[in-house]
Structures are given as structure tokens and as C-alpha cells.
Amino acid sequence: MARGPLVAPLAESLVSPASVPPVSVPPVGVSPSNASPSSVSPTRPSAGSTPDLFADCAPAAPGAPLALAPGAFVLPRLALADAPALLDGMHGVLAQAPLRHWVTPGGLRMSVAMSNCGALGWVSDRTGYRYDARDPVTGRAWPQMPPALRELASRAAAAAGYADFRPDACLINRYEPGARLSLHQDRDERDLDQPIVSVSLGLPAMFVFGGARRSDPTRRVPLCHGDGVVWGGPSRLFHHGVLAVKAGEHELTGAVRFNLTFRVAG
């Protein structure tokens, strides 16, 4: 049976998530003025002001995990130092398996350009959503996952309390200004006990995190270059998405945002 779209999609010094009290993240539409200083909700510009796309994204050292929901954590700037190596590895993959815009089973062209690396890759066409060991565009096996990507994914999962995470699939997403992904669940993997690890590179984006039902309240989480998000356990099948990316320029990625999403798919 075809399922919903799969994708909208850290540092050893981080403290254990077990010792981190949950952070209060206001639901969408709730003003962050009453939120705690450590909240991951966005700052809204005052009337008449011009928001700075990078106002809250100045480079900083990795911070402690922020609890988003049971089993779900935001890992601020986790991949900041690793970003050049991650981008080098990613571009090596894309030289072998170029980005493309998948088509949904309903015939709609996805606004986010995608590719894969690892033993399995996520694909979409008129027949449905699925994982495949071969790239349907080239007919070849997907490129191997670069060690820098694999190691970061394992470190991110461990920072969020998920030990021994060994991803066999990495979905590469490129967001140009205006690209977005609606709320969906990641539920095409065989082992739902394994978490999802997501890493943001380049332009900032607004991540939307909801609940087990698509109609559940959602929370908006601003993600900057180097930020990670890990969710599993009670939150593994929570709905999530990405609002339309705003135009901007990043020194490492130019006018786009890349997202690396790691999974155990097979």
C-alpha cells in the first residue's frame, strides 16, 4: 500500500538527554513572549520591521539538547564544525546520483529536489513511495554513504539517547526558496524502533513538528545551519514538515538549504 511522503527531509560535549528537562515549545499561533528563554520557538519581528533571516543563526558552539517531545530533541549547531566535510561528501554523492524532483503517486512534482546514498534510497513515482537499492534514474546502486555522514548520524543519535544507530539510508534534500514539505510521517521503514536523524545545512528553515495524528497541534522550530533534530520512541511516527524556505544567501551553500535525513530503512 502506498504511504504518505517520507520527507518534508551532533557533539560529544552534549549532556545526556535523560538529564535535560523538557523545553516548553509554544504551539503554532501562540506568542513566544510567554515562553522560557531556552524555548526553541521562533522570534516574531515587530510591526514595520524587516526580519533578518540569520538573526538567530549566528555561529555558536553546540548547545545542550532541547526536548521537543518525548523521545524528540533539537541539537543546536551540532554539525557546525562538521559542515564542510558533510558538504564535500554530499557533493561527491550528487556527482554520481544527481538531484531530481520526484513525482507523487498523484502526479504532482515535489518542490524539494532529492537524491540518496547508502544501501537503500527513498523514491517516489506514480506507483507509490518506497525504498529501492537502485537509482531508477541511473539504474545503478546508490552511492555509498560517506564516512563523515555516517559518523555524524551515529553521534547525533547517541546525543539524543539512541545508541548504536547505524543508518543504511540517507536522503539528501535541496530546498530552493519557496520549497516546502507538508506534514507527513516517516513510516516506510521496516524497523520503527530506530530513530530519524535530520541535519540542516545552509539557509535557515522553519521545521513543523506535530503529533501522531495529522490534526494534532503543531509547533514551529527554527532550524539553522548545523542544527540537528532526532526523534524516535514515542515520537517516531509524529507528523512533521518544513514551511516554505525564504530567500537568502549562505556562505557555504549559496541560495539553498540542504537537509540530510538518516534512517534505518532495511
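The values are calculated or read from the model by the stated rules, or taken from the named source; none is laboratory data. As the structure is a prediction and not an experimental result, all values here were calculated from the model. Please note: Cβ atoms are built from the backbone with ideal geometry, for glycine as well, and neighbour counts cover all protein chains shown. When the accessible area is computed, the model is the full protein with side chains, heavy atoms only, and any ligands, DNA or RNA have been set aside. Shrake-Rupley method; radii C 1.70, N 1.55, O 1.52, S 1.80 Å.
Which value, in Å², gives the accessible area per residue of region 86-233 when a 1.4 Å probe is used on the protein heavy atoms? Can you show the working numbers first?
On the way: 6040 Å² over 148 residues.
Roughly 41 Å² per residue, with all protein chains present.
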TODO: Taking 7 Å along the Cα-to-C-beta vector as the label spot, tell me the R190-R213 distance in nanometres, rounded to one decimal.
DONE: 3.3 nm
Open item on the list: Please compute one quarter of the surface area of the Cα convex hull for region 136-266 and express it in square nanometres.
Closed with: 8.6 nm²
Task: Rounded FRET efficiency, nearest 0.05, which uses the C-beta distance separating A60 from L108 and R0 of 41 Å - done: 0.60
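Can you give me the Rg/Rh ratio for region 201-266, using Cα atoms for both radii and the Kirkwood formula for Rh? Working shown, then result.
Values: Rg = 13.4 Å, Rh = 13.2 Å.
When Rh is taken as the Kirkwood radius, the ratio is 1.01.
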